[in-house]
Structures are given as C-alpha cells and as structure tokens.
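The values are calculated or read from the model by the stated rules, or taken from the named source; none is laboratory data. Worth saying up front: this structure is predicted, and the values here are computed from it rather than measured. Positions of Cβ are generated from backbone atoms using ideal geometry, with glycine treated the same way; all protein chains shown enter the neighbour counts.
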Amino acid sequence: MRFILAIAVPWFQFFTIGRPFSGILCLLLQATLIGWLPAAIWSLYALSRYKADRHENFGFICAPA
C-alpha cells in the first residue's frame, strides 16, 4: 500500500513514516511536473530505508539476551 502511495502522492508518504519536513520539501519538489519523477524516486528510496531501519531495530528488541 505504501509503495502505491509513494508513487501517487510522494509527499504524503513521508508523513506516514514520520518525516514531515521531508514531506514538505518533497511537496515543493512535486509542485512542478518535472519534479514529480525525482519526488517519487526519493519517496520510494526513503520508504525502503524506513523498512530496513525498522526491521533492523526490531531485531534488537527481540534478540535473546
């Protein structure tokens, strides 16, 4: 679901992963038609980093002592 959101509305996806300042900057970039593609790519990249970081941090919480 978030991948579709990242392509359709890149700036809003940043708000769903807790990065509001990046979302505002992405909205300014997306305001031009030429900026839509870089905004979507940046949004997909940020989403993949978010998922990797979340998975990595989750491993530390559940790791046996």
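For (1) exposed (fewer than 10 other Cβ atoms within 10 Å of the Cβ); (2) at pLDDT 80 or above; (3) not in a helix (DSSP H, G or I), each residue gets a yes or a no:
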{"site": "Ile4", "(1), (2), (3)": "yes, yes, no"}
{"site": "Leu25", "(1), (2), (3)": "no, yes, no"}
{"site": "Thr32", "(1), (2), (3)": "no, yes, yes"}
{"site": "Trp42", "(1), (2), (3)": "no, yes, no"}
{"site": "Leu47", "(1), (2), (3)": "no, yes, no"}
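Going through region 12-35 one residue at a time, which ones are more than 13 Å from the chain's Cα centre (by Cα) and farther than 18 Å from Arg2 by Cβ? Residues satisfying the conditions are Leu28, Leu29, Ala31, Thr32, Leu33, Ile34, Gly35. Please determine whether any residue of region 49-57 is within 13 Å of the chain's Cα centre (by Cα), among the aromatic types (Phe, Trp, Tyr) and either assigned to a helix (DSSP H, G or I) or surrounded by 12 or more Cβ atoms within 10 Å (Cβ to Cβ) (or both). Checking region 49-57: at least one residue is within 13 Å of the chain's Cα centre (by Cα), among the aromatic types (Phe, Trp, Tyr) and either assigned to a helix (DSSP H, G or I) or surrounded by 12 or more Cβ atoms within 10 Å (Cβ to Cβ) (or both).
Pairs meeting the criteria (first residue in region 19-32 and within 22 Å of Arg54 (Cβ to Cβ), second residue in a helix (DSSP H, G or I), beta carbons under 6 Å, at least 6 apart or on different chains) are Ser22/Phe14; Gly23/Trp11; Gly23/Phe14; Gly23/Phe15; Cys26/Pro10; Cys26/Trp11; Cys26/Phe14; Cys26/Ala39.
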